[in-house]
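The values are calculated or read from the model by the stated rules, or taken from the named source; none is laboratory data. Here the structure is a predicted model, which is why all the values come from computation and not from measurement. Cβ atoms come from the backbone with ideal geometry, glycine included; neighbour counts cover every protein chain shown.
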Amino acid sequence: MHLSEFDYALPAELIAQRPLAERDASRMMVLDRAGGSIQHHWFRELPELLEPGDLVVFNNTKVIPARLLGRRRGTRAQPVGKHNPARHEHLTGEVELLLVRREGDGTWLGLVRPGRKIPKGEVLVFGDDELEAEVVGRGEFGARRLRLQSRKGTVEGAIERLGHVPLPPYIRRSDDLSDRANYQTIFARLPGAVAAPTAGLHFTARVLDELRARGVGTCEITLHVGLGTFQPVHAERVEDHRMDFEEFEISEAAAEAIRSARRERRRVVAVGTTTVRALEHAARARAGEIVPGRGQTDLFITPGFHFQVADALLTNFHLPKSTLLMLVSAFAGKDFVFRAYREAVARRYRFYSYGDCMLIL
């Protein structure tokens, strides 16, 4: 498959720059794969469209304020510390660091801009010298490995105080305090994502209550959204693209809920492409069985993929040529999905992270 096959035209004014005042007031396009029909609903009607016994699976990852704005100090002379105040006169150019994930050895993987000018040994400083990051190596996909130190409390605390919400670049404004809440799902629990699992942003307590009152079950798994999800595809042949690893976890309670639904032939409704990737990776690793545990996935789902777990999918509208659009095309059929996207453009749906959504049954 060629990358150009997953391109489409989108007027810039349809890219949502801010969320709606009420999360569940978004529009929802409903695709029926069996009949090939497209219907138009409001998201708050979701409980009426699902069946008693369905199991809705959420991704409960929590977005960290992973975007840090600071300055370069140069290569390290002495470690920062309470008895070694940082020297402002040594600070040079501005720098931006997007933390991607924490590594097992305590270092962090991150994207640095301007990346080409940041060598190994460079020290980056954030805030009033409260946090510094030393570049200790290179990772894949243009990332750097960094060792972070804080002069005030923990590194995680400093990131929380100094960091910015990592809004995607198609949102052409700076983040503000409202994004700290708006760019999280209401069931976000475990910090680690650098982008929101956006299909979950539409849910409210009201919708959850109505789902449960209808007899629809829910459970939560975790996939920390990182480079694997939002990294652009540069290979002209889709098959040549490599996904970065992302960490996931499936609890015993979630595994049992999913196994029970499958045994009883009840639908598993995945909320978001990240949930699908975690579930399908877990199933492939265990001959179709879902078991509890932690792991990493670089699963790249494209048309022709055989889905073993997800029976229905709630998802937002995705960027052209993205791995997310390819996954949705695999789930519903490329021609059907692109017909739906053309209709979404014609009907002025709102696109991307803060936009409207699609339910594929």
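Tell me which residues, restricted to the stretch 247-285, are touching a residue at least 60 places away in the same chain (Cβ under 8 Å), of a type in the set (D, E, K, R) and either closer than 23 Å to V100 by Cα or buried (at least 22 other Cβ atoms within 10 Å of the Cβ) (or both).
The one that is touching a residue at least 60 places away in the same chain (Cβ under 8 Å), of a type in the set (D, E, K, R) and either closer than 23 Å to V100 by Cα or buried (at least 22 other Cβ atoms within 10 Å of the Cβ) (or both): E247.
So which of F317, F331 is within 25 Å of P19 (Cα to Cα) and buried (at least 19 other Cβ atoms within 10 Å of the Cβ)?
Being within 25 Å of P19 (Cα to Cα) and buried (at least 19 other Cβ atoms within 10 Å of the Cβ) holds for just one of F317, F331, which is F317.
Which residue out of R173, R151 is among the charged types (D, E, K, R) and either buried (at least 17 other Cβ atoms within 10 Å of the Cβ) or over 20 Å from Y352 (Cβ atoms) (or both)?
Details: R173 fails: either buried (at least 17 other Cβ atoms within 10 Å of the Cβ) or over 20 Å from Y352 (Cβ atoms) (or both).
Result of the check over R173, R151: R151.
Could you list all residues from the stretch 310-351 that are within 21 Å of F300 (Cβ to Cβ) and aromatic (F, W, Y)?
F317, F331, F336, F338, Y341
Suppose we filter G110, G70, G127, G121 for residues that are modelled with pLDDT of 85 or more, at positive phi and crowded, with 17+ Cβ neighbours inside 10 Å; which single one remains?
Details: G110 fails: at positive phi; G70 fails: at positive phi; G121 fails: crowded, with 17+ Cβ neighbours inside 10 Å.
Matching residue, one of G110, G70, G127, G121: G127.
Going by the structure shown, is I290 under 16 Å from the mean Cα position of the chain (by Cα) and in a loop (DSSP other than H, G, I, E, B)? Break it down stepwise before answering.
Details: under 16 Å from the mean Cα position of the chain (by Cα): no; in a loop (DSSP other than H, G, I, E, B): yes.
No, not satisfied.
Take the residues in the stretch 220-240 that are in a helix (DSSP H, G or I) and among the aliphatic types (A, V, I, L, M), then tell me which one is nearest to P47 (Cα to Cα).
In the first step, residues of the stretch 220-240 are kept if they are in a helix (DSSP H, G or I); the result is 227-230, 238-240.
Next, only the ones that are among the aliphatic types (A, V, I, L, M) stay: 227, 238.
Working: L227: 33, V238: 36 Å.
For the stretch 220-240, the residue satisfying everything is L227.
Quick one: how many residues across the stretch 241-278 are touching a helix residue (DSSP H, G or I) at 6+ places or on another chain (Cβ under 9 Å) and in a helix (DSSP H, G or I)?
Initial filter on the stretch 241-278 (touching a helix residue (DSSP H, G or I) at 6+ places or on another chain (Cβ under 9 Å)): 241, 243-246, 248-250, 255, 258, 266-268, 270-277.
Narrowing the set further to residues that are in a helix (DSSP H, G or I) leaves 255, 258, 273-277.
The number of residues fulfilling the criteria is 7.
Any chance you could count how many residues in the stretch 327-350 are closer than 20 Å to E280 by Cα and touching a residue at least 60 places away in the same chain (Cβ under 8 Å)?
Going residue by residue through the stretch 327-350, those that are closer than 20 Å to E280 by Cα are 327-334.
Those still in the list that are touching a residue at least 60 places away in the same chain (Cβ under 8 Å) too: 329, 332-334.
Counting residues in the stretch 327-350 that are closer than 20 Å to E280 by Cα and touching a residue at least 60 places away in the same chain (Cβ under 8 Å) gives 4.
I'd like to know if the stretch 48-63 contains one or more residues that are farther than 24 Å from R266 by Cβ and among the hydrophobic types (A, V, I, L, M, F, W, C).
Our first condition is that a residue be farther than 24 Å from R266 by Cβ; within the stretch 48-63, this holds for 61-63.
Those left that are additionally among the hydrophobic types (A, V, I, L, M, F, W, C): 63.
The answer is yes, given that some residue of the stretch 48-63 is farther than 24 Å from R266 by Cβ and among the hydrophobic types (A, V, I, L, M, F, W, C).
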